[in-house]
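Below you'll find the structure, written out as structure tokens, and then a few comments.
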Amino acid sequence: MEAASQGLEFCLAEEAHFEQVMSISGDVYGGIDYMPVRYRGWIREPDRRVVLAKKEGRVIALVSVNVVDDGHTAVVEGLRVAPAERGKGVAGLIQRHCLELTKAQFPELELRRCTRSRPLGPEVFVKFQLVCKQEILALCFEAAEILPKLEAAVEQMKASGAGWEEPVVLGADDVRRVFLSPGVVRDVLPGETIVQDWAPYKASRSNLETLLKRDLVWMADSKDEPSVLSLCQAPYSIPMGAGWQRLNIDIFGKQLPGARSQFLAQLRGAIGTLPGPVYCLLYMEPSLWQQMHSFCQRALGLSNDRDFGGQYVLETGI
Ligand SMILES: CC(C)(COP(=O)(O)OP(=O)(O)OC[C@H]1O[C@@H](n2cnc3c(N)ncnc32)[C@H](O)[C@@H]1OP(=O)(O)O)[C@@H](O)C(=O)NCCC(=O)NCCS
């Protein structure tokens, strides 16, 4: 299908399009969309192209391509089509346009990656290879109410002498050393990939420098021989309602005690100063999900808020 036959025109996103982009994003991700806080930063990033599709002068779709992995990988993010325009192939057309435009400006691009959730039909796996999969626990709470339960859970784990593995916070030099260590890349990172929120990065020096500029807290169970690592992003406002903040905690590694301890430590650090309601997304190795969920129910009184259908990092050639 051709863009022209659908009456579509493409342009680069600008500040002035913000309201129109918000107007097509109302139902995206059920109230936890990051676009309202990311849009203005994204359109200024030198290694990112944000493209809009317009019909009769109105914005009807957006997609962005971020160039990572030293210019070799195009990460597709932020895709959305206005509800009334869905089911007509617009998502395919805008992605093709944005990828062609980006490829013309970054000729070394050879891979395209995206992160999606279930359901994923068989056609997806014809087009893409699976790089890795994480599961998601969605926890909804008032920060002030959860903090005492969290402290009690940590004390109880410490007192029982089992289950608590004191997390260490990693400084920038620790991060470079730990995340570039071949053993960690092979054995701890899913698919040798750092998935920060929904964005996949290969463990390379340039990607780490990009990530180190973000407001992230990096933790490990050990600086020397880590088996569990985690990243927590500073909370940000979401459209869910007044005062709602989204918190993303990515955990890598298969050991439950380390993963649970870092989850609690990251949560404690992040929500200690937060006033209101929090939507926390905890991403982890799938085999940990059931036990982590039981722990959250038992110790914090929190159950999974919704089934996101997992987090699948997919890859194909360009
Ligand atoms: C998912 C969404 C973007 C699909 O848009 P759409 O225009 O209705 O999709 P269509 O089924 O008409 O288009 C089919 C094309 O889009 C692609 N596509 C559909 N859903 C996709 C998705 N979630 N991610 C990437 N590509 C997708 C298909 O691969 C197909 O591409 P092709 O033409 O190259 O074969 C749209 O439903 C939407 O905006 N949903 C809310 C936001 C959202 O969930 N975004 C997805 C983030 S991964």
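The values are calculated or read from the model by the stated rules, or taken from the named source; none is laboratory data. Because the structure is predicted, anything quoted here is derived from the model rather than measured. Don't worry about glycine lacking a Cβ; one is built from the backbone with ideal geometry, like all the others, and counts go over all protein chains shown. Heads up: the accessible areas ignore ligands, DNA and RNA and are worked out on the full protein's heavy atoms, side chains in. Shrake-Rupley method; radii C 1.70, N 1.55, O 1.52, S 1.80 Å.
Would it be correct to say that Asp197 is open to solvent by 20 Å² or more (accessible area, probe 1.4 Å), closer than 22 Å to Val67 by Cβ and at pLDDT below 95?
Details: open to solvent by 20 Å² or more (accessible area, probe 1.4 Å): no; closer than 22 Å to Val67 by Cβ: yes; at pLDDT below 95: yes.
So Asp197 does not fit the description; no.
The lone criterion from (1) in contact with a helix residue (DSSP H, G or I) (Cβ under 9 Å, 6 or more places away or on another chain); (2) closer than 30 Å to Leu120 by Cα left unmet by Gln290 is number (1). Apart from one condition, Leu211 fits all of (1) open to solvent by 20 Å² or more (accessible area, probe 1.4 Å); (2) without any contact (Cβ under 8 Å) to a residue 40 or more places away in the chain; the exception is (1).
Condition test on Gly87, is it modelled with pLDDT of 95 or more and closer than 27 Å to Ala220 by Cβ?
Numbers: modelled with pLDDT of 95 or more: yes; closer than 27 Å to Ala220 by Cβ: no.
No.
Residues that are open to solvent by less than 70 Å² (accessible area, probe 1.4 Å) and among the small types (Gly, Ala, Ser) number at least 1 in the following strands (runs of 3 or more DSSP E) confined to the stretch 11-125: 48-55, 58-68, 73-81. For Arg48, state whether it is within 25 Å of Val124 (Cα to Cα) and either among the acidic types (Asp, Glu) or within 13 Å of the ligand (Cβ to nearest atom) (or both). In short, no.
With the structure loaded, tell me whether Ala220 is outside the structural domain of Val68 (by TED's automatic domain parsing), over 16 Å from the mean Cα position of the chain (by Cα) and at pLDDT 95 or above or whether it fails that test. Break it down into steps so the answer makes sense when it comes.
Working: outside the structural domain of Val68 (by TED's automatic domain parsing): yes; over 16 Å from the mean Cα position of the chain (by Cα): yes; at pLDDT 95 or above: yes.
When the stated conditions are applied, Ala220 passes them.
Exactly one residue among Glu192, Glu151 is on the phi > 0 side of the Ramachandran plot and touching a Lys or Arg at 6+ places or on another chain (Cβ under 8 Å), and that residue is Glu192.
Taking first residues from the stretch 97-110 that are within 14 Å of Ala53 (Cβ to Cβ) and partners that are open to solvent by 80 Å² or more (accessible area, probe 1.4 Å) and not in a helix (DSSP H, G or I), the Cβ contacts under 8 Å between residues at least 6 apart in sequence or on separate chains come to Leu99/Ile318.
Conditions tested, residue by residue: (1) at pLDDT below 95; (2) touching an Asp or Glu at 6+ places or on another chain (Cβ under 8 Å).
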site: Ala91; (1), (2): no, no
site: Arg116; (1), (2): no, no
site: Val124; (1), (2): no, no
site: Phe128; (1), (2): no, yes
site: Ile136; (1), (2): no, no
site: Ala143; (1), (2): yes, no
site: Gln156; (1), (2): yes, no
site: Ala162; (1), (2): yes, no
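Could we say that Met284 is open to solvent by less than 20 Å² (accessible area, probe 1.4 Å), more than 28 Å from Leu79 (Cβ to Cβ) and touching a strand residue (DSSP E or B) at 6+ places or on another chain (Cβ under 9 Å) here? So Met284 does not fit the description; no.
Any residue in the stretch 119-142 that's within 12 Å of the ligand (Cβ to nearest atom): show its pairings with residues that are open to solvent by 70 Å² or more (accessible area, probe 1.4 Å) at Cβ separation under 8 Å, as long as the two are six or more apart or on different chains. The qualifying pairs are Val124/Arg116.
Check the stretch 215-235 and report whether any residue there is part of a helix (DSSP H, G or I) and either without any contact (Cβ under 8 Å) to a residue 60 or more places away in the chain or over 17 Å from Ile249 (Cα atoms) (or both).
Going through the stretch 215-235, the residues part of a helix (DSSP H, G or I) turn out to be none.
The answer is no, given that none of the residues of the stretch 215-235 is part of a helix (DSSP H, G or I) and either without any contact (Cβ under 8 Å) to a residue 60 or more places away in the chain or over 17 Å from Ile249 (Cα atoms) (or both).
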